[in-house]
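Here's the structure we're looking at; comments come further down.
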Protein chains: 2
Amino acid sequence: MEKEKTDKKDHILDVAEKVFSELGYDGASTRLISGEANVNMAMLNYYFGSKEGLFIAIFERKINSFKTLLQNINEDETMSSWDKLSLCVDKYVDRVVLNSYFHKLVNREVSLSKHSEINDTITNIIMTNILEFKKVIQDGVNNGSFFEGADTELCVATIFGTKNFIINTPQLASRLFEKDILSAAYLENEINERTKIYMKRLLKSYLVTNNDQTNP
Amino acid sequence: MEKEKTDKKDHILDVAEKVFSELGYDGASTRLISGEANVNMAMLNYYFGSKEGLFIAIFERKINSFKTLLQNINEDETMSSWDKLSLCVDKYVDRVVLNSYFHKLVNREVSLSKHSEINDTITNIIMTNILEFKKVIQDGVNNGSFFEGADTELCVATIFGTKNFIINTPQLASRLFEKDILSAAYLENEINERTKIYMKRLLKSYLVTNNDQTNP
DNA sequence: CAAAATTAATCAAACGATTGATTAATAAAA
DNA sequence: TTTTATTAATCAATCGTTTGATTAATTTTG
């Protein structure tokens, strides 16, 4: 029973994560979520206390995987700046693709201006990753291995922005790519590798190969 | 009187655009919007028929500026592919910065999965711009002025994604830049030009200067 | 012109529907 | 039996919307 309870809670969290990512926090009613999960509405409150509690539980479940993925790479003294950045991109794209619902959900919620505890929590979690990328690039610029005129901040914006475009607006991406991005198979099999290759080539040409800056 | 009526409707649209962009469609109640605009709640329905009508009216007001900004550039036979792309980036960044609330609103709404007429309308409007950028780049690749191995689609994702990151999640961008991105002044004076310069340098190094592709 | 009729704009109050949440009763498990 | 899990019914609050009345402006009429 203990096992089954966890399974049920996990099932609810899976469903809620998807519904929230598709309709937004406000747009997803507890009735719909419980209906999609085939559980009684009261179970949401029984397990998670409230709608917000359910929302927070989704994050707490994922929080471990967010912890120190990039930090360990960044602390490695033996790697070059480019190898660090390259590896960070690989790892990050992998994780985003694997948790696309979650990342979509996170990005929509954090784009809202309403101040709440959960909003701050999310912001801090994302910022950890953002600043980790910033550090890798900044270090590379400082130690001379990257183009000294590089715009570090906007470079980070490109990394997160490119990924967000694909994950957050799959309808647009699907029509741009003329493929069904929403299909998990295509996302994991094709887009994943393709994005990695592209992102690294893009960053390398800007940060490393970039040596003529005649006219911007 | 006729004049003042238009002004009042315009005022409501201004306020609604901002509130929607901050709280999302579902999160923004008609009571709050009318309160912020200092008009009676019933006026929203009187003028715009419904909440959705108000939402649509926001788009109809902006729709003209969306029409053929990029198309004219693209059709110009005398310009090089790079000059076209460069000009498109300039024009697009300008417009986004000038209508940051609107673009934030658009991007959040289009990321929702709920099918509606307005959602389709918005998607088509955005796609016009997206495909215009795609065409510029694709033409450049085809006529040999851009790197033949370029990932056209992801390149477009970068252009829109980078801009979206700044506009959609200004809290994150503010902490990344260590400046207040939400401040309209900073956005228009600094970020605007800086983004143009960065974006063009990034694209140029990837599309034009890119000639070594040893390891991705 | 001035009085009457019509239209447009605005308001407070209330509507039915839906929201997240809670209850009290029951079923299952320990 | 005691605890845990689950249910249907119900709660107050809020949602978008509508109403009927009132005021302001415009047009028509005498």
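The values are calculated or read from the model by the stated rules, or taken from the named source; none is laboratory data. These numbers were taken from a predicted model, which means no experiment stands behind them. When we count neighbours, we look across all protein chains shown, and the Cβ atoms used for this are built from the backbone with ideal geometry, even at glycine. These area figures cover heavy atoms from the full protein model, side chains too; ligands, DNA and RNA do not enter into them. Shrake-Rupley method; radii C 1.70, N 1.55, O 1.52, S 1.80 Å.
Residues are listed down the side, and each one gets a yes or a no for (1) polar (S, T, N, Q); (2) modelled with pLDDT under 95:
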position: A:71; (1), (2): yes, yes
position: A:84; (1), (2): no, no
position: A:89; (1), (2): no, no
position: A:100; (1), (2): yes, yes
position: A:105; (1), (2): no, yes
position: A:114; (1), (2): no, yes
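Considering the stretch B:24-44, the residues that are over 22 Å from residue A:27 (Cα atoms), assigned to a loop (DSSP other than H, G, I, E, B) and of a type outside the set (S, T, N, Q) include one that is farthest from DNA strand D (Cβ to nearest atom), namely B:37. Quick check: is even one residue across the stretch A:137-149 at the interface with another protein chain (Cβ under 9 Å from one of its Cβ atoms) and within 30 Å of residue A:76 (Cα to Cα)? Yes, the stretch A:137-149 contains a residue that is at the interface with another protein chain (Cβ under 9 Å from one of its Cβ atoms) and within 30 Å of residue A:76 (Cα to Cα). For the stretch A:81-95, check the following and say yes or no: at least one residue is open to solvent by 20 Å² or more (accessible area, probe 1.4 Å) and in contact with an Asp or Glu (Cβ under 6 Å, 6 or more places away or on another chain). The answer is no, given that none of the residues of the stretch A:81-95 is open to solvent by 20 Å² or more (accessible area, probe 1.4 Å) and in contact with an Asp or Glu (Cβ under 6 Å, 6 or more places away or on another chain).
Per-residue answers, yes or no, for (1) within 16 Å of the chain's Cα centre (by Cα); (2) among the hydrophobic types (A, V, I, L, M, F, W, C):
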position	(1), (2)
B:137	no, yes
B:146	no, yes
B:156	yes, yes
B:165	yes, yes
B:173	no, yes
B:191	yes, yes
B:201	no, no
B:208	no, yes
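Is there a residue being open to solvent by less than 10 Å² (accessible area, probe 1.4 Å) and not β-branched (Val, Ile, Thr) anywhere in the stretch B:57-68? No, the stretch B:57-68 contains no residue that is open to solvent by less than 10 Å² (accessible area, probe 1.4 Å) and not β-branched (Val, Ile, Thr). Once the stretch A:112-125 is narrowed to residues that are open to solvent by 20 Å² or more (accessible area, probe 1.4 Å) and not polar (S, T, N, Q), the residue that is nearest to the chain's Cα centre (by Cα) is A:125. Name every residue in the stretch A:107-121 that is in a helix (DSSP H, G or I) and at the interface with another protein chain (Cβ under 10 Å from one of its Cβ atoms), in order of residue number. Within the stretch A:107-121, A:107, A:108, A:109, A:110, A:111, A:119, A:120 qualify.
Looking at A:133, A:147, just one residue is touching a residue at least 24 places away in the same chain (Cβ under 8 Å) and within 20 Å of residue A:96 (Cα to Cα), and that residue is A:133.
Taking the listed residues A:107, A:129, the one that is among the polar types (S, T, N, Q), out of contact with any Lys or Arg (no Cβ under 7 Å at 6 or more places or on another chain) and more than 18 Å from residue B:108 (Cβ to Cβ) is A:129, with no other qualifying. The set of residues from the stretch B:150-174 being aromatic (Phe, Trp, Tyr) and touching a residue at least 12 places away in the same chain (Cβ under 8 Å) comprises just one member, B:160. Here the helices (runs of 4 or more DSSP H) wholly within the stretch B:131-216 that include at least 1 residues being β-branched (Val, Ile, Thr) and open to solvent by less than 20 Å² (accessible area, probe 1.4 Å) are B:152-168, B:192-207. Scanning the stretch A:151-194 for residues that are more than 9 Å from every other protein chain (Cβ to nearest Cβ) and among the small types (Gly, Ala, Ser) returns A:174, A:183, A:184, A:185.
For residue A:105, the criteria (1) open to solvent by less than 20 Å² (accessible area, probe 1.4 Å); (2) more than 12 Å from the chain's Cα centre (by Cα) hold in every case but one, which is (2). Residues of the stretch B:26-53 that are open to solvent by 80 Å² or more (accessible area, probe 1.4 Å) and under 24 Å from the mean Cα position of the chain (by Cα): B:52 alone.
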